[in-house]
Every structure is written in structure tokens, then in C-alpha cells.
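Each remark here refers to the structure printed beneath this line.
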Amino acid sequence: KTIAEQLAKQSDPKQRVATAYTRILNRDAAPEEITAAVKYIEGFKQRTTGAQAEALAWQSFCRVLLSSNGFLYLD
């Protein structure tokens with residue numbers, strides 16, 4: 001939730017995704033990862049009702065990154 005709140009300070013969704021990748025996975029996001037992430041977030045918002053849809057979508061995206069192999073394991 002805290003990471004999503006920090007990301008909310010940026011207005012551009014693509015920049016938010018790029019920042020999330022940098023903060024969570026310590027690497028740059030590939031262009032196709034940014035596109036997929038924005039699509040995921042938009043789809044999440046469409047399936048969620050209420051005033052908190054935007055915040056919940058970004059929290060969900062952050063949880064996805066935090067549970068990814070890239071976060072859990074070192075190469």
C-alpha cells in the first residue's frame with residue numbers, strides 16, 4: 001500500500017510502472033512489461049467499483065511485483 005501511495009504522486013501511468021520496477025525489482029522495465037502492466041491496471045480498475053478502484057489497482061500491481069520470481073530470487 002505504501003509503495004502504491006508513493007507511486008500515486010506521479011501522473012503518468014507508464015512512469016509509475018517504470019518507477020515500481022526500479023524500486024521493487026531494482027531494474028528497468030522493458031517496454032512490453034510497461035504496456036502489459038498498464039493494461040493490467042486498467043482492467044483491474046474496470047472490474048472494481050467504488051472510489052478506491054485506482055488505489056486498489058496500483059496496490060494489486062505492486063503485490064504482483066513483490067510476489068514475482070524477480071523479487072524473491074537472485075540470479
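Each value in this text was obtained by applying a stated rule to the coordinates, not by laboratory testing. Keep in mind it's a predicted model, so treat the numbers as computed, not measured. Here the Cβ is made from the backbone with ideal geometry for all residues, glycine too, and neighbour counts use every protein chain on show.
Candidates are the residues of segment 17-58 that are β-branched (Val, Ile, Thr) and within 16 Å of Gly70 (Cα to Cα); the one that is surrounded by the most Cβ atoms within 10 Å (Cβ to Cβ) is Val17. From the set of residues in segment 7-16 that are surrounded by 15 or more Cβ atoms within 10 Å (Cβ to Cβ) and not basic (Lys, Arg), which is farthest from Arg63 (Cα to Cα)? It comes out as Pro13.
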